[in-house]
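Every number here is computed from the coordinates shown, using simple stated rules; none is lab data. A quick note: this is a predicted structure, and the numbers were derived from the prediction, not measured. Note that each Cβ is placed from the backbone with ideal geometry, even for glycine, and that neighbours are counted across all protein chains shown.
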């Protein structure tokens, strides 16, 4: 659920008027609103990335992984297909619209594979070790599977980031059943989109009796989660206080945001 741009603007005007800090025009508000959403998005993204990579550190907290995943849902793409060059192992996600900010996970549910991310240096080491020894590195990087009562070594499936929208798979899947590999290798990715892929918030208006009146059909709401509405209000007020040289307004906004974060932590 998006945050109403009109709701945020009206709260900003009411607080600024209460503090007797002057009027914030629609043009000024739209500039502050854009920056406020950027700040809230970046903070949310960093919290989500940290929780995703280290979920054990946030279990039971206000910013645990499930809560953050709900908040960042409008910016996530789930189950996007990856085109794989089977001779090189390079997988490519379509990024012609520059919609990929961070690839969070890669998997192939058709073959019950969840890929583990490693570095390019690690992959090169795996390759060199296998070439020299004839079997994978160690028990941390292999699994056991029984075939006809025998134990077999099998490498874990890993990838490393080749570029923003490309990954390198190892071992390379040739999509060739005759060579004993998966004939239906179909990896997919979940990733986070950048804020630039979405419209900026905009409070549009028409002038009636020398007053700007809200024009909902051409306005653009905020894209962040509705729980961030108070943070948007405080951030806009903080930016307005700085830009309009009204420091008490910024100070009041910072105090309000501090209390808001304290409430979320409880």
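The table that follows gives values for the structure above.
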read-out: Label-point separation in nm, residue 53 to residue 162, each point 7 Å along Cα→Cβ; value: 2.3 nm
read-out: Relative contact order for region 3-132, counting Cα pairs under 8 Å that sit 6 or more residues apart, in percent; value: 10 percent
read-out: Virtual spin-label span in nm between residue 78 and residue 200, 7 Å along Cα→Cβ; value: 3.2 nm
read-out: Likely footprinting exposure, 3, 84, fewest C-beta neighbours within 10 Å first; value: 84, 3
read-out: Projected label distance in nm at residue 227 and residue 46, using a 7 Å step from Cα toward the beta-carbon; value: 1.9 nm
